[in-house]
1. Mind listing just one residue for me: the one in region A:114-128 that is without any contact (Cβ under 8 Å) to a residue 40 or more places away in the chain and farther than 12 Å from A:Val102 by Cβ and, of those, surrounded by the fewest Cβ atoms within 10 Å (Cβ to Cβ)?
2. Have a look at B:Thr162, B:Thr177 and point out the one that is surrounded by 24 or more Cβ atoms within 10 Å (Cβ to Cβ), outside the structural domain of B:Val48 (by the TED database) and on the phi < 0 side of the Ramachandran plot.
3. Could you say whether any residue in region A:403-412 is away from chain B (no Cβ under 14 Å) and either surrounded by fewer than 24 Cβ atoms within 10 Å (Cβ to Cβ) or among the aliphatic types (A, V, I, L, M) (or both)?
4. Do you know which residues across region B:266-303 are surrounded by fewer than 16 Cβ atoms within 10 Å (Cβ to Cβ), under 27 Å from B:Val356 (Cβ atoms) and among the small types (Gly, Ala, Ser)?
5. Keeping to region A:188-225, report how many residues are within 7 Å of another protein chain (Cβ to nearest Cβ) and at pLDDT below 95.
6. Looking only at region A:340-361, count every residue that is more than 14 Å from chain B (Cβ to nearest Cβ) and in contact (Cβ under 8 Å) with a residue 12 or more places away in the chain and tell me the total.
7. In this structure, does A:Leu205 turn out to be touching a helix residue (DSSP H, G or I) at 6+ places or on another chain (Cβ under 7 Å), assigned to a strand (DSSP E or B), buried (at least 20 other Cβ atoms within 10 Å of the Cβ) and of a type outside the set (D, E, K, R)?
2 protein chains.
Amino acid sequence: MTKVDPAVLDQLIGALPDGAVLTDPDMIAGYRQDWAADPNAGTPIAVVRATCTEDVQAAVRWASEHRIAVVPRGAGSGLSGGSSAVDGGIVLSTERMREITVDPVTRVAVTQPGLLNAEVKKAAAEHGLWYPPDPSSYEICSIGGNAATNAGGLCCVKYGVTTDYVLGMQVVLADGTAVRLGGPLLKDVAGLSLTKLFVGSEGTLGIITELTLRLIPAQPPASTVVASFESVESAADAVLAITREMRPAMLEFMDHASINAVEDSVRMGLDRNARALLLAQSDAPGAAGAQEIETIVAACEKHGATEVFATDDAAEGEAFTAARRSVFPAVQAMGSLLLEDVGVPLQQLPALITGVEAIAEDCDVLICTVAHAGDGNTHPLIVFDPTDPDMTDRARIAFSRVMDLAIALGGTISGEHGVGRLKRDWLPGQLGEDVMELNRRIKTALDPLGILNPGAVLS
Amino acid sequence: MTKVDPAVLDQLIGALPDGAVLTDPDMIAGYRQDWAADPNAGTPIAVVRATCTEDVQAAVRWASEHRIAVVPRGAGSGLSGGSSAVDGGIVLSTERMREITVDPVTRVAVTQPGLLNAEVKKAAAEHGLWYPPDPSSYEICSIGGNAATNAGGLCCVKYGVTTDYVLGMQVVLADGTAVRLGGPLLKDVAGLSLTKLFVGSEGTLGIITELTLRLIPAQPPASTVVASFESVESAADAVLAITREMRPAMLEFMDHASINAVEDSVRMGLDRNARALLLAQSDAPGAAGAQEIETIVAACEKHGATEVFATDDAAEGEAFTAARRSVFPAVQAMGSLLLEDVGVPLQQLPALITGVEAIAEDCDVLICTVAHAGDGNTHPLIVFDPTDPDMTDRARIAFSRVMDLAIALGGTISGEHGVGRLKRDWLPGQLGEDVMELNRRIKTALDPLGILNPGAVLS
């Protein structure tokens, strides 16, 4: 931990309401890492728990004056180390910024960043409206973090990702200025698309203190198909056959290891012998929905599914979806994880999934793969024992090789989690030097002192 | 026209294929203005008709070396003077860049910028796919221009705007470097959201030379409702009643003057006495669609519609839609136009529409208003006789007051056309100084010499 002049820290404490600044080492410890458990996370000199935009401004102004790093943090559920603390810096937590209002006429929610995704969905549902983006962690991740990472989820294959629902925001810039971008307008092209630029910027350009979110009418009840396959190739081929014909409301993939990890933990009666499983939904109404379910079933059967189960019972469908969402925690029970988030153009999905299998074998590590298969976004979860240095090395090599494979297939190192600190070193390999330079120019233009989340995304 | 050293111009001609550089004054004249007919448009020293990215790079490198302004131009159908030529600069036309490939598996189109929107739709339709954004000018506007302005259209109320369909692009930067951003990935959060930043940047940050567009399954056949009202308030109230209940596939508004301009030109049998008309569609399948049409009809009747006509005949629905799209040319036949594109939060739609009526009366000018009512985006068309200086002054005052009204109602000066040069002076009023400064910082970071479309959006 870097030492800081106590007088400087006192200025921060004095600029904020009582209790907003934590300096007790035991309390600070809980803010060092997010779910990525970055082993290189630093120790902050203080944690600011802001309650309003003005608190964020006061903290950032202070940080700017003293050139102190500010790591923004929502619920701490990030999976790429985007909220890893920095030695000598502060963590700026938005967990206490929890107000929301819903306007059912304009169909927008105006929310502070600390609300959980599930709480935003609930507030919308009270007006018969729906906020679609649904990261698997939706019950524990914050809406501010969702915007900062441009988070995805299961329904995104049909309904799009976070940026598609962000109409406006208030954001505190690197010098402490608070600006409003966009607003409750479905169309607004006046000036550069700054709202869209801040979405997914992982706290490197500013700190989001309010979001204006587009809501849509409540999702119709969905029907669900669960299909088991004897090989990952067959399942991946079925995915392409489905998406060529229709747009499912969900199209998820689980491999053998994931199926068994889930069965060990929640016992859904999934086929433990299957090499792969697809979970698909249609929410088209009436006969159109029945037609879509038929299309999904036929595609699975044509590609050699050993078992296909369809249900229009919404609760049963949700139980399978919950099982799919439980893969992360279930696999986490098996060891330490290196979490991948690689995506490829859909045609390359079979090559990616079989390539990951080959990497697992080659590196002699367990990789459980789940995927938002319908949009080509996969999560190979590399399991290792951190007390075994050799296995840890092999896991790290596998982690790198999976990203290299995705890049070679024309894909991305991150589909929805963000680059954070753990995937930063692979970013130039994906983007190339010219695009890296574009990223750096914008970062420098907006944060010339480099105090906002330094080390995340860009080095 | 600014004089240019002939040797410098020869360098440009030498750097490009034969016939790519026009210098003949008569030929150049046709590239001075877009549809906004900007009276302050300059005269370029040359027009470059690029055929590929390399041509664009060669032209921009030359322009950068000699600090010469580059005004990018698609089909020239812009409505805000975004392509007004600049004295001493060049116009860079993408009209000859017309290649497209459609991948039905990944469901993307990779297209050069010079294709018309209608041609992109047609190429997608050949694979049973749909590119939704549909500016009224879709038969004559280019897809590159659509991306540069983040164009909207009629179906955007349900299906979103251009940016929602742009997955990636190739773009030539101010120094002539060509970069690829994004790609055929439905989810990609690696690095800043640069693709989204370039969409809507109106050629001020770079020149788009290729687009990767997301396609979706073909739109189901739509049913249509046409409803007449005795006042604009009633029609606007019906809009709110409809959008509170459902998400129509189209929800358009025409006022009395627009109805009559259309009837004068295409004779659809619209009620010439109506003060306002709504045109709504549902494309939900089967019983769900019938239910939506019922909801629309009931909302119109509840708010005093004098006549409500519903049809599930797709051809008949398209005829009404074509009539709506013909408002611009029909009104243009009545005189010179100042074209507004103001949008407001949906709740403020009645206040905007009645406010525009009051401005028309107050300024004693004819304003025909059509609107993409379902998303709060309106097009008051101010008609004037340019040979009448007093009327021209009053039209200009009305033009300004309509934008001031939109800003006062929490809205935007441009919902889908772009700021260009004609609305630039109102941008600071909407965005405020801090957000203007953000815009300028990014502009300067990416175009330090200020050669890309100078005078558009930012002064």
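1. The residue in question is A:Ala118.
2. Numbers: B:Thr177 fails: surrounded by 24 or more Cβ atoms within 10 Å (Cβ to Cβ).
Of the residues listed, the single one that is surrounded by 24 or more Cβ atoms within 10 Å (Cβ to Cβ), outside the structural domain of B:Val48 (by the TED database) and on the phi < 0 side of the Ramachandran plot is B:Thr162.
3. Step one: of region A:403-412, the residues away from chain B (no Cβ under 14 Å) are A:405.
Imposing the further condition that a residue be either surrounded by fewer than 24 Cβ atoms within 10 Å (Cβ to Cβ) or among the aliphatic types (A, V, I, L, M) (or both) reduces the set to A:405.
Yes - at least one qualifying residue is present in region A:403-412.
4. If the condition is that a residue be surrounded by fewer than 16 Cβ atoms within 10 Å (Cβ to Cβ), under 27 Å from B:Val356 (Cβ atoms) and among the small types (Gly, Ala, Ser), then B:Gly269 is the only one that fits.
5. Let us first name the residues in region A:188-225 that are within 7 Å of another protein chain (Cβ to nearest Cβ), namely A:188-194, A:196-197, A:199-201, A:216-217.
Pick out the ones that are also at pLDDT below 95 and you get A:216-217.
So the count comes out to 2.
6. Initial filter on region A:340-361 (more than 14 Å from chain B (Cβ to nearest Cβ)): A:353-361.
From what's left, in contact (Cβ under 8 Å) with a residue 12 or more places away in the chain: A:353-357, A:359-360.
Looking only at that region, the number is 7.
7. Numbers: touching a helix residue (DSSP H, G or I) at 6+ places or on another chain (Cβ under 7 Å): yes; assigned to a strand (DSSP E or B): no; buried (at least 20 other Cβ atoms within 10 Å of the Cβ): yes; of a type outside the set (D, E, K, R): yes.
In short, no.
Listed here are the residues, each with its yes/no results for (1) in a helix (DSSP H, G or I); (2) within 14 Å of chain B (Cβ to nearest Cβ); (3) under 30 Å from A:Asp393 (Cβ atoms); (4) modelled with pLDDT of 95 or more.
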position	(1), (2), (3), (4)
A:Leu251	no, yes, no, yes
A:Asp264	yes, no, yes, no
A:Asn273	no, no, no, yes
A:Gln281	no, no, no, yes
A:Glu301	yes, no, no, yes
A:Phe309	no, no, no, yes
A:Phe320	yes, no, no, no
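The values are calculated or read from the model by the stated rules, or taken from the named source; none is laboratory data. All values reported here derive from a predicted model rather than from experimental measurement. All Cβ positions, even for glycine, are placed from backbone atoms using ideal geometry, and neighbour counts span all protein chains on display.
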